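Peer 1: My structure is below; once you've seen it, I'll send some questions.
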Amino acid sequence: MCFMCAATSTFDPGRHSDDPESATIFEGTDAPFSTSTPYTISVGDTFRGTIGSGDEMDIVRINLVAGQTYTFELLGSPSGGGTLSDPLLNLYNSSGGFITSNDDGGNGLESLITFTATSTGTYFLGADAFSANTGTYTLTTTTSTPPPPVAAGTLDELANYLTDGYWDNTNRAGRAFSTSSDNIISVNLTGLTAQGQALARWALEVWETVVNLNFVETVGSADITFDDNDSGAYAVSSVAGSTILSSDINVSTAWLSGSGTQIGTYSLQTYIHEIGHALGLGHQGGYNGSATYGTDETFSNDSWQISVMSYFDQTDNTTTSASFAYIVSLMMADVIAGQNLYGASTVTNGNTTWGANTNLGGYWATLFGELYNGVNSPSVAANSMSYTIFDNGGTDTFDLSTSTSDNRIDMRGGQFSNVNGLTGNVGIARGTVIENFIGGVGNDTVTGNDANNTITGGQGDDSIDGGAGTDTAVIAVNRSSVTVTDLGSGSVRIVSAFGTDVYDNVENFRFNDGTVTLAVLLGNTPTPTTGNDTIDGTSAAETIDGLAGNDSIRGLGGRDSLLGNAGSDTLLGGVGDDTLVGGGDADRLYGGSNNDRLLGGNGADTLFGDFGEDTLFGGAGNDLLRGNGGNDTLNGEAGNDILIGGNLFDRLDGGEGNDRLDGGTFADTLFGRDGDDTLLGGGGQDRMFGGNDNDSGEGGNGHDRFWGGFGNDTFIGAAGDDRAWGESGNDLLRGGGDNDTLYGGGGFDTLDGGVGNDELTGGGNADVFVFADGHGDDTITDFLATNGAEDINLSGVSAITDITDLLTNHILSSAGGNVVIDTGGGNTITLLGVNLADLDGSDFIF
């Protein structure tokens, strides 16, 4: 969590080696808190100075190179680098804008920042002290190698890092309060406002639900003292060996003003986090004060989804499949870590209902009342929230009966569920056994655990897998009103007034008029009929030909071949690697699970790959192809088709016609082929090939690649470091955000890098390069000043009015055969291989 934490104890002294070839610069006159500081140092130099008052910060200038990684350390008394007891180091950009800071990332209370420069130029280092400390310091600067990729941690590895690894990495011992005599931890909340006290009490109740501690409030000396006098949020502990003697927690009133005072806000998450420190937990990675995913993580799966002690929200972590949500409980790694220190709570030993209609009181009743019962409590924010269920015994129920979403529920310990429209936002702690589940009105997917589960799907078309154990499905209708189909291998489909449900590994079925076993239930299975047919297969592999007519054919189990033939048919493959052929007219084909092959044939067909690695062929007609789950291959073929990849890594080929291709999430490959095609990369690092005719591509998120091919093509990059090649034709290439590389190719092209530090290459013929305010530090590699038709469009740059203004006031450099133009606001355009004398008004548009 950004700037959430400071020190939790004193580090052991470390060591620091100076580069013998570097310079040591001493502060003579004061280094003011200003970008006009008189001190400039080089990488490898050492700067020694003094913090003389509590609010002083010394600023020094340093030049960095884009792409290079640097290490900056601010040393004080812990390592003998000075007398400053608790250094605080800050990093700023060329205009003095804040980039990052670090308090205790080095040895002891010393500061360390590892930073990869995003642009070449001037930066500023700010030497400061935590909590009004004063004294001398040493600032060192070195280059470093970016850390190698890290692996995901198991839950035990993550938990052990919280209790021991974090402290070991900074030469400190793991710590905890002694509970040998009792489990009471006294807390003093009198230093907080009423809002702060409410947040602290909620957070303490969260901890009491999981670990075997009893927090008791006092107004005097306490084991944990809360306050809000200092800025920011942090926890500090007094430690003797591995025993915590006392802890102090500070969360400022400004923090609450900025982050909210309700359940479901960052402020509550902050209190839960800081109490974790006060009880002996470190961070989930080797960071403190600030962190960047991709540089500072110790485990690749480090995020809020797994630990409230993480600094990375669910969307910061590019490997985590979870929606952004504030944390309102301990998460899976925290549960294990906290219980390793203090044992498990007995609060939930009885029969507990989690979610709607909860029988828990206090904090949990307020939270679940808001989330699932429509209470609209003023104590709960209208934010997305994530929590993990820890339960310690009894027969327990997860109740989502009020939900209207299509939920994906995994009742197994150590797994996450998708609840109320979010992904991966509800976890079941490892070792927790939830026996029962109640669904709402959505189309739910439920996976049971090894216990004897009772699962109520509710309304909607549900898919329920009971897993191991003797499980019971509850269907609140009379048995005689349902239609039952044997899908084979223990799978059954039941059509009732509540929907069409599929059950796997469920042994008993409870109706309003009684409970029967699966074997008894299957005695009522009807025989399929013919005509305008509705045909259900079996669990075996078979070939079903619908012949003429508008047929509905379900293959169910086995490797099936379903043939629709004439008519508008609906084919459902079900389980197994199936082949579905629509035939003539407009057909709907659903592959189901496993790896299916779908052929639409003639007509405007709709093909759904569903789960598995599917291959879809639209055939003739204007078709809609959806890959959905799995790594799918979609072929539009003839007609103006729509291809949507869905999840995972897909390959989309439009074929003939004016097609629309949408890769969906993850890294996809898109081929437009013939026709004026639209290619949408979506999430992930996508590769898009326009092919013939006039195509358009949009990169979306991720570092995308676009090749226009023949025709007058358009590319819009959006987020990510994109690369686009216009190739033949008169192309329009726009980079969007981040650092893009654009190649116009042949033709009269227009290149607009957008925001970020971009590289633009026009290619053959005469091209136009477009810039606007805030465009970044851009480079044109092949501008030909002697080509009267080639232009640089500065009409969107407010700082430059005409050619006289440009040549008089905005040429930063013309040395080395390159011209650097200052476009204002810290932005530049570098023209490679251009002589200043060749530039005139014909080269620019103002």
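The values are calculated or read from the model by the stated rules, or taken from the named source; none is laboratory data. These numbers come from a predicted model, not from an experiment. All Cβ positions, even for glycine, are placed from backbone atoms using ideal geometry, and neighbour counts span all protein chains on display.
Peer 1: Do we find a residue being surrounded by 17 or more Cβ atoms within 10 Å (Cβ to Cβ), without any contact (Cβ under 8 Å) to a residue 12 or more places away in the chain and either aromatic (Phe, Trp, Tyr) or farther than 13 Å from ASP840 by Cα (or both) anywhere in region 793-802?
Peer 2: For region 793-802, residues surrounded by 17 or more Cβ atoms within 10 Å (Cβ to Cβ), without any contact (Cβ under 8 Å) to a residue 12 or more places away in the chain and either aromatic (Phe, Trp, Tyr) or farther than 13 Å from ASP840 by Cα (or both): absent.
Peer 1: Being on the phi > 0 side of the Ramachandran plot and modelled with pLDDT under 95 is the filter here; which residues of region 257-290 pass it?
Peer 2: The one that is on the phi > 0 side of the Ramachandran plot and modelled with pLDDT under 95: GLY289.
Peer 1: Going through region 457-501 one residue at a time, which ones are farther than 27 Å from GLY558 by Cβ and either among the hydrophobic types (A, V, I, L, M, F, W, C) or under 37 Å from the mean Cα position of the chain (by Cα) (or both)?
Peer 2: GLY458, GLN459, THR472, VAL474, ALA476, VAL477, ALA497, PHE498
Peer 1: Shifting gears a bit: Could you list all residues from region 576-606 that are of a type in the set (D, E, K, R), closer than 22 Å to GLY630 by Cα and part of a loop (DSSP other than H, G, I, E, B)?
Peer 2: Of everything in region 576-606, those that are of a type in the set (D, E, K, R), closer than 22 Å to GLY630 by Cα and part of a loop (DSSP other than H, G, I, E, B) turn out to be ASP577, ASP578, ASP596, ASP605.
Peer 1: Being outside any strand (DSSP E or B), touching a residue at least 12 places away in the same chain (Cβ under 8 Å) and among the β-branched types (Val, Ile, Thr) narrows it down to one residue among VAL770, VAL755; which is it?
Peer 2: VAL755
Peer 1: For region 33-54, name all the residues that are of a type in the set (Ser, Thr, Tyr) and in a strand (DSSP E or B).
Peer 2: THR40, THR46, THR50
Peer 1: Oh, and also: Tell me, which strands (runs of 3 or more DSSP E) wholly within region 418-495 include 3 or more residues that are more than 30 Å from TRP304 (Cβ to Cβ)?
Peer 2: Once the strands (runs of 3 or more DSSP E) in region 418-495 are filtered for at least 3 residues that are more than 30 Å from TRP304 (Cβ to Cβ), what remains is 472-474, 483-488.
Peer 1: Quick one: which of SER178, SER238 is assigned to a strand (DSSP E or B), of a type in the set (Gly, Ala, Ser) and either farther than 27 Å from TRP364 by Cβ or touching a residue at least 12 places away in the same chain (Cβ under 8 Å) (or both)?
Peer 2: From the options SER178, SER238, the qualifying one is SER238.
Peer 1: Which one of the conditions (1) of a type in the set (A, V, I, L, M); (2) surrounded by fewer than 18 Cβ atoms within 10 Å (Cβ to Cβ); (3) within 14 Å of GLU274 (Cβ to Cβ) does ALA203 fail to meet, given that it meets all the rest?
Peer 2: The one condition ALA203 does not meet is (2).
Peer 1: List the pairs whose first member sits in region 81-96 and is in contact (Cβ under 8 Å) with a residue 40 or more places away in the chain and among the charged types (D, E, K, R), whose second member is surrounded by fewer than 17 Cβ atoms within 10 Å (Cβ to Cβ) and in a loop (DSSP other than H, G, I, E, B), and whose Cβ atoms are under 9 Å apart, counting only residues at least 6 apart or on separate chains?
Peer 2: As it stands, the answer is none, since no pair meets every condition given.
Peer 1: Still on this structure: Evaluate the following for ASP313: is it assigned to a loop (DSSP other than H, G, I, E, B), more than 20 Å from ALA203 (Cβ to Cβ) and assigned by TED's automatic domain parsing to the domain that holds GLY165?
Peer 2: The answer is no for ASP313.
Peer 1: Output the residue which, of all residues in region 366-395 that are hydrophobic (A, V, I, L, M, F, W, C) and either modelled with pLDDT of 95 or more or buried (at least 17 other Cβ atoms within 10 Å of the Cβ) (or both), is nearest to ALA344 (Cα to Cα).
Peer 2: Across region 366-395, the extreme among qualifying residues is PHE390.
Peer 1: Same structure again: Given the conditions (1) touching a residue at least 60 places away in the same chain (Cβ under 8 Å); (2) part of a strand (DSSP E or B), and given that THR170 satisfies all but one, which numbered condition is not satisfied?
Peer 2: (2)
Peer 1: Count, please, the residues in region 547-575 that happen to be part of a loop (DSSP other than H, G, I, E, B) and surrounded by 24 or more Cβ atoms within 10 Å (Cβ to Cβ).
Peer 2: 8
Peer 1: Looking only at region 215-229, decide whether some residue is of a type in the set (Asp, Glu), at pLDDT below 95 and in a loop (DSSP other than H, G, I, E, B).
Peer 2: no
Peer 1: Taking region 776-793 as the search range and keeping residues that are modelled with pLDDT of 95 or more and over 18 Å from ASN818 (Cβ atoms), which one is farthest from the chain's Cα centre (by Cα)?
Peer 2: Among them, the one singled out is ASP791.
Peer 1: Then there is this: Against the definition (of a type in the set (A, V, I, L, M, F, W, C), outside the structural domain of THR261 (by TED's automatic domain parsing) and within 27 Å of the chain's Cα centre (by Cα)), how does ILE428 come out, yes or no?
Peer 2: When the stated conditions are applied, ILE428 passes them.
Peer 1: Another question about this same structure. Could you look through region 739-776, keep only residues that are charged (D, E, K, R) and crowded, with 20+ Cβ neighbours inside 10 Å, and pick out the one that is nearest to ASP686 (Cα to Cα)?
Peer 2: Ranking the candidates gives ASP740 first.
Peer 1: Name the residue that is surrounded by the fewest Cβ atoms within 10 Å (Cβ to Cβ), counting only residues in region 241-257 that are part of a loop (DSSP other than H, G, I, E, B) and touching a residue at least 60 places away in the same chain (Cβ under 8 Å).
Peer 2: Looking at the filtered set, the residue picked out is GLY241.
Peer 1: Oh, and also: Having 1 or more residues that are closer than 27 Å to LEU742 by Cα is the bar; report the strands (runs of 3 or more DSSP E) wholly within region 607-708 that clear it.
Peer 2: The strands (runs of 3 or more DSSP E) meeting that bar are 642-644, 651-653, 660-662, 669-671, 678-680, 687-689, 696-698, 705-707.
Peer 1: If a residue must be in a loop (DSSP other than H, G, I, E, B) and touching a residue at least 60 places away in the same chain (Cβ under 8 Å), how many such residues does region 181-214 contain?
Peer 2: 4
Peer 1: Mind listing whichever residues of region 658-674 are buried (at least 22 other Cβ atoms within 10 Å of the Cβ) and more than 19 Å from GLY699 (Cα to Cα)?
Peer 2: None - no residue of region 658-674 is buried (at least 22 other Cβ atoms within 10 Å of the Cβ) and more than 19 Å from GLY699 (Cα to Cα), so the list stays empty.
Peer 1: Mind telling me which of the residues GLY282, GLY286 ends up being surrounded by 20 or more Cβ atoms within 10 Å (Cβ to Cβ) and either closer than 29 Å to ALA151 by Cα or without any contact (Cβ under 8 Å) to a residue 40 or more places away in the chain (or both)?
Peer 2: One residue alone meets the criteria, GLY282.
Peer 1: Could you tell me whether ASP641 is in contact with a Ser or Thr (Cβ under 9 Å, 6 or more places away or on another chain) and either buried (at least 22 other Cβ atoms within 10 Å of the Cβ) or within 25 Å of GLY744 (Cβ to Cβ) (or both)?
Peer 2: no
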